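Data first, discussion second: the structure below is written as structure tokens.
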Amino acid sequence: MFLTTRMIALPAAALLTAAALAGCGGSSSAGSSSGSTPGSGSGSGTAGKGLVAFIPGATGVGFYDALEEGAKAEAAKLGYTFLYQGSPDFTPAAQTPVVNAVCTKHPKILLIAPTDPVALRPAIQTCMNAGVKVVTVDTALTNTAGLVSAITSNNIQGGEAAAGVIAKALKDHGQVAVFSIDGTTTTQVERVQGLKKGLARYPGISIVSSQFTGQPETVSETDTKAIMTSHPQVKALFGAAETNAEGAAQALSSLGSTGKLTVVGYDADPSAVSLLKTGAISALVIQQPAREGQLGVEYGNDALTGHTALIKTSVLLPNILVTTAEAGNPADAKYYYPAAS
């Protein structure tokens with residue numbers, strides 16, 4: 001069934017989690033600029049109760065900037081200094097030295113979006129061995145032992161929602177291309193799984209191309225142009241990462257082919273929202289990154305202060321689906337991510 005701008009349906013347990021969190025939204029403050037190389041970054045606040053650090057999957061990504069906003073606001077409210085530090089490359093090789101560098105600063109709480117569910121475990125374990133309270137946000141680890149909490153969106157349901165948009169646009173028949181960063185990152189894997197689960201209800205629709213693009217938007221742009229040549233019958237494209245749909249939209253614009261593909265993507269940074277409003281992107285699955293950041297800091301503080309009964313060790317937050325037809329609605333604007341500052 002086609003879904004509009006409503007909270008995407010969740011299993012009962014996840015609905016209970018979402019309801020419990022309904023009053024926990026963090027306010028936004030001006031985000032700190034992030035470092036472009038391992039070992040660089042910026043902090044804010046005063047010495048207070050110690051340091052809260054956030055390591056994103058990659059810097060320069062609207063989702064992680066919005067997550068920083070929520071985490072930073074909660075850290076300030078609780079009296080912590082805040083540090084946002086990362087690499088522009090969404091790879092374990094780039095992220096691991098950042099983790100090592102941040103942990104030498106002895107944070108009380110570390111929020112991290114692991115770029116690989118296995119490869120980041122040793123560096124994170126070193127932090128935990130030093131007494132750091134670690135919360136994974138967005139992406140996850142395979143081995144969650146010792147973590148305070150693992151907080152993410154309901155990525156399966158997000159992929160299913162995208163499938164509903166595509167099925168309606170294709171009238172239940174046609175070819176689809178799929179882009180994602182890689183084949184291991186938990187969010188990417190689950191979103192594609194959700195898409196396939198949703199499209200399985202429509203035997204007339206087939207996925208004829210699946211591409212791993214990495215983080216750069218330019219790769220998604222190049223790959224979209226290639227697909228338009230190699231698979232001219234493709235009528236829809238799903239992007240599991242923020243840069244996928246934006247790159248696809250740019251490719252279609254440069255080819256003079258805007259509107260020839262139904263493009264469904266993830267996340268709502270200002271660029272994506274602008275493309276959604278013009279119809280260059282047909283729909284966006286929008287997460288709640290500020291809530292993830294706020295909850296991560298809250299749970300880390302609960303772990304430090306002995307209020308462990310308040311912690312949910314696993315959290316799935318609901319997504320919101322917005323189509324071009326609905327993009328201008330004032331009620332939707334609160335879900336769009338703030339511009340990076």
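The values are calculated or read from the model by the stated rules, or taken from the named source; none is laboratory data. Keep in mind that this is a model prediction, so the values were computed, not measured. Don't worry about glycine lacking a Cβ; one is built from the backbone with ideal geometry, like all the others, and counts go over all protein chains shown.
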Quick test for you: out of T262, T323, T305, pick the one residue that is of a type in the set (S, T, N, Q) and more than 19 Å from K168 (Cβ to Cβ). T305
Take V208 and tell me if it is touching a residue at least 12 places away in the same chain (Cβ under 8 Å), in contact with a Phe, Trp or Tyr (Cβ under 8 Å, 6 or more places away or on another chain) and either surrounded by fewer than 20 Cβ atoms within 10 Å (Cβ to Cβ) or closer than 28 Å to T115 by Cβ (or both). no
Filter the stretch 282-325 for residues that are part of a helix (DSSP H, G or I), buried (at least 22 other Cβ atoms within 10 Å of the Cβ) and not aromatic (F, W, Y) and give the result. P289, A290, R291, E292, G293, Q294, L295, G296, V297, E298, G300, N301
Of the numbered conditions (1) aliphatic (A, V, I, L, M); (2) free of Cβ contacts under 8 Å to residues at least 24 places away in the same chain; (3) buried (at least 24 other Cβ atoms within 10 Å of the Cβ), M128 satisfies every one except a single condition; which is it? (3)
Condition met for T224 (modelled with pLDDT of 95 or more, within 22 Å of T278 (Cα to Cα) and surrounded by fewer than 19 Cβ atoms within 10 Å (Cβ to Cβ)): no
Specify which of the listed residues (G50, G57) is modelled with pLDDT of 95 or more and surrounded by fewer than 24 Cβ atoms within 10 Å (Cβ to Cβ). G50
Which of the following residues is of a type in the set (S, T, N, Q), over 18 Å from Q157 (Cα atoms) and touching a residue at least 40 places away in the same chain (Cβ under 8 Å): S257, S271? S271
So for the stretch 197-204 (the condition being in a helix (DSSP H, G or I) and buried (at least 21 other Cβ atoms within 10 Å of the Cβ)), does at least one residue qualify? yes
Which of the residues spanning the stretch 97-119 are surrounded by fewer than 22 Cβ atoms within 10 Å (Cβ to Cβ) and not acidic (D, E)? P97, N100, A101, C103, T104, K105, H106, K108, P117, V118, A119
So for the stretch 249-257 (the condition being part of a loop (DSSP other than H, G, I, E, B), more than 28 Å from A71 (Cβ to Cβ) and in contact with a helix residue (DSSP H, G or I) (Cβ under 8 Å, 6 or more places away or on another chain)), does at least one residue qualify? yes
Any residue in the stretch 96-104 that is of a type outside the set (V, I, T) and farther than 24 Å from T184 by Cα? yes
